[in-house]
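Have a look at the structure below, then the notes.
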């Protein structure tokens with residue numbers, strides 16, 4: 001049965017997306033990555049560089065990730081041992097005197113930063129218009145080893161991002177005080193400052209969260225002051241297919257001069273984040289998307305976030321509010337106009 005909950009949103013956006021962590025891919029290792037409704041073969045060559053190619057050998061259709069190996073800086077197909085490098089070229093066929101001109105496989109732009117592996121994705125296969133973004137004023141060496149999490153959720157990525165600015169749910173779902181959001185647009189980027197407070201251990205804890213929304217696959221949250229230090233949370237929302245999304249989180253705590261304090265604080269921050277995350281996830285996987293929800297005067301931030309997110313959809317018709325119109329509705333309108 002077709003799931004109609006997400007029919008009113010295009011499933012994919014363009015941009016840079018985190019597809020793994022550097023520490024999880026050793027030299028000479030090959031892994032299958034399933035994102036954007038298809039499979040890719042990700043590998044690290046002998047030279048230490050990462051490559052991502054289509055997972056289907058153009059020879060007779062074998063999947064590189066099912067028994068294939070890394071040979072030098074190329075992937076060897078398990079079926080007939082054809083080898084393809086990071087540029088997509090076939091560099092070796094053990095039993096051929098001449099490599100066919102069409103012996104190529106699709107490749108993708110890849111970058112590594114902050115111990116994370118990224119690829120650029122667009123539906124038309126275009127090159128990235130800009131290099132991989134960076135996090136402001138973040139020096140990785142000043143932070144302890146991060147905590148990392150990966151979730152596969154039956155939800156559209158936009159729902160995850162708009163949850164961050166849905167102030168009313170913080171009290172209803174998590175028991176926090178209702179935060180206040182302050183928006184600042186910088187071209188295609190969005191900065192949100194959020195004043196928050198919650199009661200823990202009988203004490204009212206107050207803080208400020210600074211969101212920097214660059215792309216759906218590249219955005220982060222900065223805690224400028226959390227119990228005497230700082231924290232940074234990188235977030236990448238990567239569609240698995242039209243129904244499900246990978247959400248990858250990397251959480252850093254700044255090193256402290258007090259022995260052991262960073263470890264204690266990391267435990268507190270991570271525990272609190274994961275508690276609220278699982279509370280949200282329970283709702284995310286059991287809700288429907290409403291393109292035009294009935295909102296009150298305390299819900300203004302949700303539509304601001306949706307309008308920002310809509311710019312990353314490709315070949316999409318938007319309504320007067322900047323919200324994507326379902327393809328079925330566009331087709332119906334076109335038929336009426338032509339009748």
So if I take the centroid of the Cα atoms in region 114-157 and the same for region 78-103, what is the distance between those two points in Å?
31
Of the listed values (1) 75, 73, 37; (2) 68, 44, 38; (3) 126, 62, 35, identify the label whose number matches Cα extents along the principal axes in Å calculated from this model.
(1)
Ranked by GNM mean-square fluctuation in the chain (Cα springs under 10 Å), the top entry among 217, 207, 260 is 260
Between helix 300-310 and the chain, what is the angle of the helix's C-alpha long axis to the longest principal axis, kept within 0 to 90° and rounded to the nearest 10?
10
Run the numbers on the chain and let me know its relative contact order in percent, using alpha-carbon pairs under 8 Å that are six or more apart.
19
Where the convex hull is taken over the Cα atoms of region 140-284, what is its projected area averaged over directions, in nm²?
9.1
For region 119-171, just say rounded, prolate or oblate: build the C-alpha gyration tensor, square-root its eigenvalues into a ≥ b ≥ c, call rounded for a/c under 1.5, and beyond that prolate if a/b exceeds b/c, oblate if not.
oblate
Helix 261-284: angle to the longest alpha-carbon principal axis of the chain, degrees 0 to 90, nearest 10?
80
Taking region 140-284 and dividing mean pair separation by its residue count, relative contact order in percent (alpha carbons under 8 Å, at least six apart)
26
Volume per residue that the Cα convex hull of region 15-121 spans, once the total is divided by residue count, Å³
92
Relative contact order [Cα under 8 Å, 6+ residues apart], region 66-134, whole percent:
16
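A short reminder: the numbers here are calculations on the coordinates, not readings from a lab. Computed from a predicted model, the values in this text were never measured in an experiment.
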